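Novice: Can you keep this structure in mind? I'll have questions shortly.
The values are calculated or read from the model by the stated rules, or taken from the named source; none is laboratory data. In this text, all values refer to a predicted model and were calculated from it rather than measured experimentally. Methodologically, a virtual Cβ is constructed for each residue, glycine included, from the backbone with ideal geometry; neighbour enumeration extends over all protein chains shown. The accessibility values were calculated without ligands, DNA or RNA, using every heavy atom of the protein model including side chains. Shrake-Rupley method; radii C 1.70, N 1.55, O 1.52, S 1.80 Å.
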Amino acid sequence: MASTPNPRRVGDADNPQRSGSGLLFAKTSELDNNPRDRKAHTRDRLFQLVQKSIFEMTALQLHDLSQLSLICFSGEDAEGFLQSQLSCDVSSLTSNNSAYGSYCTPKGRILSTFLLWRSEQGFFMQLPSPLREPIQKRLSMFILRSRVKARDASGEFVCLGVAGESAEAGR
C-alpha cells in the first residue's frame, strides 16, 4: 500500500480576493507506483485519499484540473530569465505565494496567461494543456546560453483545485 502523499498547496495568502481557494499538488511518485495509466490512476487514488479529509471539513469542494499542464524552469539563471520574459514579478515569489502573469509578443499581444510559483525544484508555470508545448518551445528559443532548463512537468504531479471556506491558501 502506498504511503499517504504529502500534498502541497499553492496560493496567495496575502491576497484576500483569492482566499477561499487553492491548488493542491502531490507528486505522482508519492501516490502509487502502479504502471497502468499512471496519471488517471494516481488522480483517482488522490481523490480517495483526500475524500475523508474533505468530508471532515466544512464546505469544501475538490475539482479535477487535469486540463492544465505544468512547465518547470530550473537552473542558476531561471529567475533572471523568467523575469525578463514574463509580465509578473518573478523575483518577489517565495515558496508561500504564487503570481498570475502573461507571456506576450514583443508588440505586447498576450500569447498565454498562467499561474507561476517557486519551489525547491525551480519555477512552475501552470497553463492550459493545449498551450504548454508552443509556449515551452517559444520560451526555449530565448534560453540561448542561459543556465536554464525548461521541461514538461505535467506527468509528475496531479493538479486539484480546492475551494470553500476552509480552503484558504496556506492553511
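Novice: Would you mind classifying region 118-163 by shape? Square roots of the alpha carbon gyration tensor eigenvalues, ordered a ≥ b ≥ c; an a/c under 1.5 is rounded, otherwise it is prolate if a/b is larger than b/c and oblate if not. Mind dumping the intermediate values first?
Specialist: On the way: a/c = 2.69, a/b = 1.56, b/c = 1.73.
Oblate.
Novice: Let me ask another. Over region 65-159, with the other protein chains present, what is the accessible area per residue in square angstrom, probe 1.4 angstrom?
Specialist: 52
Novice: In nm, to one decimal, how far is the LEU111 label point from the LEU144 one, both placed 7 Å along Cα→Cβ?
Specialist: In this crude spin-label approximation the distance works out to 1.6 nm.
Novice: What is the spin-label model distance, in nm, from ASP64 to ASP77 if the labels are put 7 Å beyond Cα along the C-beta direction?
Specialist: In this crude spin-label approximation the distance works out to 4.1 nm.
Novice: Same structure, new question: Which of rounded, prolate, oblate describes region 79-156, given a ≥ b ≥ c as roots of the alpha-carbon gyration tensor eigenvalues and a/c under 1.5 marking rounded, otherwise prolate only if a/b is larger than b/c?
Specialist: rounded
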